[in-house]
Amino acid sequence: MPHILVTGASGFLGQAVVTAIRNIHPDWTLTNLDLRPPSLPQPGVNYIQADITQASEVDVAIRKVNPDAIVNVAGWVPSGSLRYSNSKALRDKVFAINHLGTLNVLFAAQKTKCKAFVHTSSCTVVSDDLDHEYPNMTEDIPIGHATLAYGASKAPGELAVLAANTTSFKTCALRPATVIGPGDTYGVIATIHACIAKGETPWIIGTGDNMYDFVYITNIADAHLLALENLLSTKSFPESAAGHAMFVSNQQPVYFRDFMLAIWKHFDHVPPFQFVVPTPLAWIAGLTAEIKTWVSGAKESTLSRGSVRDAVGTRYASNEKAKRLLGYFPRVDFVDAVRLACEDYKLILAEKEKNFGVHGVKAG
């Protein structure tokens, strides 16, 4: 039975990938390589500590495990205002983890018996180019034009992984849409929910008719399992994924405004009115917020020029390639995905209220 190493398996997506593999292949050996152990036990999963930005640590760890296949999930997604920052410090950190870290894992894998390498890339290798609209993205769109640090850092890692593909070392890359679901550490539901307390729900930036897509956590985990099975298979059914990048989403693009309204409805909130803020005016407000933040020395501002440009953009992808090569389909419908993600966040809020009270004072 194959030995599978999953990098970043202590995290949100990595844990889901491990669970997906264990559910279908309970007899496979699994190892979690991460900087920190998982917060919850992973029965039957070995843990090995390594910092992927340190080549020597990664090399020693992967040589010790000597896996048959690697699923490289480890990475870092800047959150909040950092998502739109292009400071040198931010770019250095995100490139060290997402680019250099990927190279370290890839090069170490090539020194072992590893014969399959599934890499978690991102839809942002294309869509983080905020200067353009990207409706129904396909894999023939050139990458390397991202204007935001995250997408810019993921692109060279993906290219290196695909360039390493050979008949004896098969590689592929998945490009997930924004992931939602229980255990979300990206803060998608939390960020949108926070608009209620801030009184921001009535404001529609731009036309409100721009479309996005998302992917539920177990659906993208399923896609990783399908990719792994594809590369390990000697029959390449339905078709070999080796050397390919594939967009993966819930295949149900939605108007971003409708997505927010659906989330607020789960928390029994309906905007008392709606007011359209033209994009140019919102951009000026974003610039003003950035200047105010810089002058005051505050850590971050919710509003920025980047967040405005992102909020009014159209960015969703075709999944035809993942369907053709992997036989992928989303088992959890998007309506259920939003409901489950919101129910999980309700539990988090209830626990916070229990521990800290409504005024944020820790109980006891």
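The values are calculated or read from the model by the stated rules, or taken from the named source; none is laboratory data. These numbers come from a predicted model, not from an experiment. Note that we place each Cβ from the backbone using ideal geometry, even for glycine, and neighbour counts take in every protein chain shown.
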In this structure, does LYS292 turn out to be crowded, with 21+ Cβ neighbours inside 10 Å and either modelled with pLDDT under 95 or basic (Lys, Arg) (or both)?
no
Condition check: touching a Pro at 6+ places or on another chain (Cβ under 8 Å) and in a loop (DSSP other than H, G, I, E, B). Does THR201 satisfy that?
yes
ILE52 is checked against (1) surrounded by fewer than 22 Cβ atoms within 10 Å (Cβ to Cβ); (2) in contact (Cβ under 8 Å) with a residue 40 or more places away in the chain; (3) under 27 Å from PHE214 (Cβ atoms); (4) not basic (Lys, Arg) and fails just one. What number does that condition carry?
(1)
Cβ-Cβ under 9 Å, sequence separation 6+ or interchain: first residue in the stretch 302-313 and under 17 Å from ILE192 (Cβ atoms), partner modelled with pLDDT under 70 and assigned to a loop (DSSP other than H, G, I, E, B). Which pairs?
SER307/SER301
Would you list the strands (runs of 3 or more DSSP E) that sit entirely within the stretch 130-186 and hold 3 or more residues that are within 20 Å of ASN72 (Cβ to Cβ)?
170-176
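Per-residue answers, yes or no, for (1) over 20 Å from the mean Cα position of the chain (by Cα); (2) more than 22 Å from ASP222 (Cα to Cα); (3) among the polar types (S, T, N, Q):
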residue	(1), (2), (3)
HIS25	yes, no, no
ASN32	no, no, yes
SER56	yes, yes, yes
ILE62	yes, yes, no
VAL65	yes, yes, no
Heads up, the strands (runs of 3 or more DSSP E) in the stretch 2-63 (entirely inside) with at least 1 residues that are of a type in the set (D, E, K, R) and under 20 Å from LEU103 (Cβ atoms) are 29-34
Among the numbered criteria (1) crowded, with 22+ Cβ neighbours inside 10 Å; (2) in contact (Cβ under 8 Å) with a residue 60 or more places away in the chain; (3) closer than 21 Å to VAL188 by Cβ, which single criterion is violated by THR124?
(2)
